[in-house]
Amino acid sequence: MDIKKVTVAGGGVLGSQIAFQSAYSGYDVTIWLRTEASIGRCQPKLDYLHATYLKTLDAMKQNPAAYAYGLMPREDVTPQSCEDAKAKVEAAYKGIRLTTDWDEAFGDADLVIEAVAESVQQKIDFYTELAKHLPERTIIDTNSSTLLPSQFAEATGRPEKFLALHFANEIWSHPTAEVMRHAGTGDEAFEATIAFAASIRMIPLRVNKEQPGYLLNSMLVPFLNSAEALWANEVATPEDIDRAWTLGTGAPAGPFRILDIVGLTTAYNIGIMDPRSKDPNTVQGKITAKLKEKIDRGELGLNAGKGFYEYPKQ
């Protein structure tokens, strides 16, 4: 399938990144958002990505360690190629459209990448309405972190053209694209999604059967839960838990830095899927309660300027 027009549903942390990377790679990109207020929250994320891509290209001229796979092949990196790539950044930044209109966003889309809230009902409601506005040819990919595509396949009205395409955060430098089919996904949609992922300079990882959490989150979520349990049980502070991990393993970031990048709302939504979270006396109940306190204070993570740590506002 010849994919040219891509619509990303949702302009959060990953939705904005997927849209920007797709536009940087030459696709005609629209971001659909539920409300005008959501547009207001999305635009600063695009501003941040615009600045980050330019800054990364400048750094790549001088420092091999600054290389970002998503921007160009390593063997192509020269001062001139980095300067030339800035034109692609500017074109992406100026070319992405933001809209709340269903027909404008989806009426001529070749590929839809869903990145709405990690909520079963919200996703079902979204797909049910989406089905009314799509051309027959359109493939739908979900970027859901933990939910399975089979949970939503029938709601899309095109289960054979529906599957999962999951990205890691900061996709320009962490270029994994987990492509996961459900039992009813057709080979054509699966292969077209793999080809699309490669075309935006991601490394496609085939997930040939449904697995909650795909590959990365099947390993990452238990790791983060272990750190959250130490915090919820007041064994140690987030700072010391992070130090234990980074100093002991040489990893660049500890679990609470990672949670800030992922976003505390996403962590909370994943946590409340566990039935134990309803009992305040369980570890999972304590974790979700403490996350909710931070969310209620507006401490949502990196993009909010504060989570477990403080950051410059994006």
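Some points to look at:
- Single residue of GLY263, GLY285, GLY307, GLY248 found to be out of contact with any Pro (no Cβ under 8 Å at 6 or more places or on another chain) and on the phi > 0 side of the Ramachandran plot: GLY263
- The selection criterion, being in the same structural domain as ALA19 (by TED's automatic domain parsing), in contact with a Leu (Cβ under 9 Å, 6 or more places away or on another chain) and more than 26 Å from THR100 (Cα to Cα), holds for SER173.
- Selection of first residues in region 125-139 that are over 12 Å from ALA105 (Cα atoms) and of second residues that are in a strand (DSSP E or B) and not acidic (Asp, Glu), restricted to Cβ pairs under 7 Å at least 6 apart or on distinct chains, gives the following pairs, ordered by first then second residue: PHE126/ALA9; THR138/LEU111; THR138/VAL112; ILE139/LEU111.
- Unique residue being surrounded by 14 or more Cβ atoms within 10 Å (Cβ to Cβ), at negative phi and assigned to a helix (DSSP H, G or I) when the list is LEU220, LEU205: LEU220
- Subset of region 108-159 that is buried (at least 20 other Cβ atoms within 10 Å of the Cβ) and of a type in the set (S, T, N, Q) - its residue that is modelled with the lowest pLDDT: SER145
- The combined condition, being among the basic types (Lys, Arg), out of contact with any Phe, Trp or Tyr (no Cβ under 7 Å at 6 or more places or on another chain), exposed (fewer than 12 other Cβ atoms within 10 Å of the Cβ) and more than 24 Å from ALA164 (Cβ to Cβ), is fulfilled by LYS55.
- Residue check for GLU160: assigned by TED's automatic domain parsing to the domain that holds LEU49, of a type outside the set (A, V, I, L, M) and either touching a strand residue (DSSP E or B) at 6+ places or on another chain (Cβ under 6 Å) or without any contact (Cβ under 8 Å) to a residue 40 or more places away in the chain (or both): yes
- Count of region 148-157 residues which are within 16 Å of ILE113 (Cβ to Cβ) and touching a residue at least 40 places away in the same chain (Cβ under 8 Å): 1
- Residues of region 8-17 that are buried (at least 23 other Cβ atoms within 10 Å of the Cβ) and either of a type in the set (A, V, I, L, M, F, W, C) or assigned to a helix (DSSP H, G or I) (or both): VAL8, ALA9, LEU14, GLY15, SER16, GLN17.
- Test: residue in region 260-270 that is touching a residue at least 40 places away in the same chain (Cβ under 8 Å), closer than 28 Å to PRO44 by Cα, of a type in the set (A, V, I, L, M, F, W, C) and part of a loop (DSSP other than H, G, I, E, B): no
- Matching residues in region 145-165 - criterion: being out of contact with any helix residue (DSSP H, G or I) (no Cβ under 7 Å at 6 or more places or on another chain) and among the hydroxyl-bearing types (Ser, Thr, Tyr): SER150
The values are calculated or read from the model by the stated rules, or taken from the named source; none is laboratory data. Keep in mind that this is a model prediction, so the values were computed, not measured. When we count neighbours, we look across all protein chains shown, and the Cβ atoms used for this are built from the backbone with ideal geometry, even at glycine.
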